[in-house]
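Taking it in order: structure first as structure tokens, then the write-up.
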Amino acid sequence: MRAALFLLALTATAAEIILPSNALERDAPVTAVYRTNPQAAGKATLKILWTDMLGRTVEDRTLALDLTDETEIRFPLDLRRAVAMANTLQVRFTLDGRNLKGAPDRRDETATINFIAKPPTRQWDDYEIMMWQSHTPEQGAQYIARGISGGQYNGRSRTPPEFLLKNNLRWYSENIATDFYAEYHRYRPDRIQQWSWLQAKELYKKDPTSLEAFKRHPSLNDPAWLATIRQRLIDAARTWSPYRPIFYDLADESGIADLAAFWDFDFSDHSLAEMRQWLKEKYGTIAALNRQWGTRYTAWDAVIPETTNQAFKHTDENYSAWSDHKEWMDVSFARALKFGADAIRSVDPDAYVAIAGAQMPGWGGYDYARLTQALPALEPYDIGNNIEIIRSLNPNLAFITTAFEKGPWEQHRIWYELLHGARGNIIWNEKDEFSGPRGQEAAAYYNEIRGGLGAQLIASRRLAGPIAIHYSQPSLRAEWLRAHRAQGEAWINRTSSAERMDSDFLRLRESYCRLIEDLGLQYDFVSYLQLEAGELARGGYRALILPRSSALSDKESEAIREFVQQGGLVIADGEPGQYDTSIKKRAEPSLQGVRYSQMDVLNYHQQRLTGKERPTLQQMAALLEDFRPEFQVSDSAGIETHTFSNGGVRIVGLLSNPQLRVNELGPPDFKSNQRFEKVRRVTLTLPAPLQAYDLRQSKALGIQTKLDITLDPYQPALYAFSPVAIEPLRVAAPREVNRGEMATLALAVGDRTPAATHVFHVEVRNPEGKAVAHYTANVIAPNGRAAHLWRTARNDAPGRWTVVVKDALTGQTQTREIELRP
């Protein structure tokens, strides 16, 4: 039993060290055991040497012992002193005694064991910058100086990444089940990424009447595959959970088919069997299904949905048998992702589990109303306003993005994503540009964000105005069918990029977002599922925008009617509610008789690039006349105002608001953000006299009612506003400490603060004045109070060390000097 509970490290002399586990928490001492054989009696010494991968000597001490026929020697190991993940414990045992027969017994033996000190927290409360490509430990040290805090490592490996461990960098475990979740778009050394999808297309061309081309291999409902994937994910979690990965990545660039491309998956037996069960739950009886679909099935086992070609032939505008299949595939994809997340969390309960390279809202399973409830994390490409949709539908979901570029617009993108809720960034560094000018350029803003500012924003709650934008996957299906039906079988040639480039449905949503932002306002997306569940009333919304919400359920329609009766404003594009959510044409639109305002804003996202946005902007401003932002910006068009709540403190960020993916917006006149490449001078008017703090300049501005701001085109202005002056930062620290001991730093902002959470950036500098990366930390301080341990090493340089503490919210800085004694 004991052998099952303890990790053994054996040497040739049979000496061994026993620890409670190979992975230990850092919150308390543990008891280690040195075992020798045979029994030992006499004078002995036990020299304990604990070192870590950073080259630190954590502990170096010798115990003098007087043994009486003993084989086990216990000694404490204080895990609170751990700094690095990878550690080595070496014990040398010497004995000058006699054995049970009275003969001399002299021993000099050594045992060594490696163990992991688990990272101290799982909460994703800081901004993480991860390098995707592998690199040398020497490069890693350079990258750390430029703001990097982590890396990427293949989740199917079984040996830890030494190049990351040597710099104590955490990582995310990537591509654990890509062959299941992304079979139709994945890397293979001997063929192109879309090989499987192209094979399906070839099957279709050979026989368009066959369903073989529409059978996904593997099916997301295949029990054999599900069992295999579950075990693989469990094995990966068992391997990597001791290192607490930043997140586990189920797959990269996943999708039902190729990314967000449209295709008629999945008609496999496994999928149809599960779909029929889902249809039973949806309709209850076969008669109800027949009424909806316009069919005459007599048994559930006979039910087969329609293909796109069959749906296109309808003249009655009842596309239910096609649409329900598409909805089922969204359900199936979300269920499969939750299945994977649950498998990992069965081993690592607090783990963040994600898919990387998530696509725009649309086809391929990308119904974010479902995905945001299936996963605790995502790494999306910012397309089709999915970032705004994600943060609206699940504010607690951790998301990050990926950096491919350099230059001023890349700097802007990093700030933009941070202000929109991103908790980190992955750097694609295929040509190692980060070792050169690209890394030098990024270091300034990466280190600023990593210096506490990112953590402070993460610790705050992003606020939106009382404006809701309807997010409707059924309406997307309806609008797609209406747009492509006349083109017949041309749909088989469509790609994921085509769905992005020529979608009026996507462009309209983009235009509404930019239009509201240009008025200095903010919004939330409210999904079709949330609308049914009463979110309009629960969220306190006063305006609802229906961007071609052509498909509405009865529950949604009733919620909207009630919203209008209670004084809510509805703005629509097109005729809402022409179809039900299975895309069956209604006898009359479900909002018939409901008063709403019509707007045509489809091209606003283009108009604002060329200075032609004023008429549409004025029309919307008139509709939203009673909607006033808490913090008002003069001439707000082209500037986005971001407001965060932190207890009684507000954080306000202003950033220029160009078009993302501007090269995809149509004719040449609309492919330039030149209009936004200018310095802007604006005035920010406050709701009342408030104490103001410039977060980026680390400066208190005193009581203000308005601020005149010169806004850089690529960087934000960031301010904190408090009803009272925030009290001075206090730091209590010992004046001296012995090497190898722990120094407690007591950090506080006065006796009380109006803020719910402060972030203190703690930097420790050695006697040469150089900041030591592994002693630097962002300390989360609820109510402005926290304690932080400086865990010194036995081989740290003796002399005068400097601790610099900065409050990210107010910019206050305190410095303390601590003598590190030999």
In segment 196-219, the residues that are among the hydrophobic types (A, V, I, L, M, F, W, C), in contact (Cβ under 8 Å) with a residue 12 or more places away in the chain and either farther than 13 Å from Ser271 by Cβ or assigned to a loop (DSSP other than H, G, I, E, B) (or both): Trp197, Ala200, Leu211, Ala213
It is to be established whether one or more residues within segment 308-328 are closer than 30 Å to Thr239 by Cβ, open to solvent by less than 20 Å² (accessible area, probe 1.4 Å) and either of a type in the set (Val, Ile, Thr) or in contact with a His (Cβ under 8 Å, 6 or more places away or on another chain) (or both). no
Close pairs from segment 702-722: first on the phi > 0 side of the Ramachandran plot, partner part of a strand (DSSP E or B) and open to solvent by 10 Å² or more (accessible area, probe 1.4 Å), Cβ under 9 Å, at least 6 apart: Gly702/Gln691
Of the conditions (1) closer than 30 Å to Gly140 by Cβ; (2) part of a strand (DSSP E or B); (3) open to solvent by 60 Å² or more (accessible area, probe 1.4 Å), Arg35 clears all except one; give me its number. (1)
Quick one: Arg542 ticks every box in (1) closer than 28 Å to Gln373 by Cα; (2) open to solvent by less than 30 Å² (accessible area, probe 1.4 Å); (3) in contact (Cβ under 8 Å) with a residue 60 or more places away in the chain bar one, so which box is it? (2)
Of all residues being of a type outside the set (A, V, I, L, M, F, W, C) and within 16 Å of Phe404 (Cβ to Cβ) in segment 423-434, which is most open to solvent (accessible area, probe 1.4 Å)? Just the residue, please. Lys431
Would a scan of segment 228-240 turn up a residue that is part of a loop (DSSP other than H, G, I, E, B) and farther than 30 Å from Arg423 by Cα? no
Would you check which residues across segment 619-645 are among the acidic types (Asp, Glu) and in a loop (DSSP other than H, G, I, E, B) and list them? Glu625, Asp626, Glu630, Asp635
Check Ala786 against each of (1) more than 25 Å from Arg61 (Cβ to Cβ); (2) assigned to a strand (DSSP E or B); (3) touching a residue at least 60 places away in the same chain (Cβ under 8 Å) and name the one condition it does not meet. (3)
Wholly enclosed strands (runs of 3 or more DSSP E) of segment 70-169 bearing at least 3 residues at pLDDT below 95: none
Which pairs do you get when a residue that is farther than 12 Å from Tyr579 by Cβ, found in segment 473-491, comes within reach of a residue that is open to solvent by 30 Å² or more (accessible area, probe 1.4 Å) and aliphatic (A, V, I, L, M), reach meaning Cβ atoms under 8 angstrom, with the pair 6+ apart or on two chains? His484/Ala490
Determine which member of the set Asp235, Asp222 is surrounded by fewer than 24 Cβ atoms within 10 Å (Cβ to Cβ) and either at pLDDT below 95 or in contact with a His (Cβ under 6 Å, 6 or more places away or on another chain) (or both). Asp222
Checked segment 692-719 for anything of a type in the set (D, E, K, R) and either at pLDDT below 95 or open to solvent by less than 40 Å² (accessible area, probe 1.4 Å) (or both); matches are Asp694
Taking interchain pairs and intrachain pairs at least six residues apart, which have beta carbon atoms under 7 angstrom, with the first residue in segment 583-602 and free of Cβ contacts under 8 Å to residues at least 24 places away in the same chain and the second among the charged types (D, E, K, R) and open to solvent by 50 Å² or more (accessible area, probe 1.4 Å)? Pro589/Glu575
Cβ-Cβ distance below 8 Å, separation of 6 or more or different chains: which pairs start in segment 66-81 with a residue that is in contact (Cβ under 8 Å) with a residue 60 or more places away in the chain and end on one that is not in a strand (DSSP E or B)? Arg80/Arg26; Arg80/Asp27; Arg80/Ala28; Arg81/Gly740
Of all residues in segment 578-610 being touching a helix residue (DSSP H, G or I) at 6+ places or on another chain (Cβ under 8 Å) and basic (Lys, Arg), which is surrounded by the most Cβ atoms within 10 Å (Cβ to Cβ)? Arg608
Filter segment 265-293 down to residues that are touching a residue at least 60 places away in the same chain (Cβ under 8 Å) and part of a loop (DSSP other than H, G, I, E, B) and give me whichever is nearest to Ser503 (Cα to Cα). Phe265
Return the residues of segment 342-375 that are more than 21 Å from Ala260 (Cα to Cα) and either out of contact with any Lys or Arg (no Cβ under 6 Å at 6 or more places or on another chain) or open to solvent by less than 10 Å² (accessible area, probe 1.4 Å) (or both); say none if nothing qualifies. Asp342, Ala343, Ile344, Arg345, Ser346, Asp348, Pro349, Ala351, Tyr352
Of the residues Pro466, Pro437, Pro474, which single one is touching a strand residue (DSSP E or B) at 6+ places or on another chain (Cβ under 7 Å), open to solvent by 20 Å² or more (accessible area, probe 1.4 Å) and over 26 Å from Asn778 (Cβ atoms)? Pro466
Evaluate the following for Thr616: is it assigned to a loop (DSSP other than H, G, I, E, B) and of a type in the set (Ser, Thr, Tyr)? no
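The values are calculated or read from the model by the stated rules, or taken from the named source; none is laboratory data. Fair warning: this is a prediction, and the values are worked out from it, not measured in the lab. Methodologically, a virtual Cβ is constructed for each residue, glycine included, from the backbone with ideal geometry; neighbour enumeration extends over all protein chains shown. We work out accessible area using only protein heavy atoms, side chains counted, and drop any ligands, DNA or RNA first. Shrake-Rupley method; radii C 1.70, N 1.55, O 1.52, S 1.80 Å.
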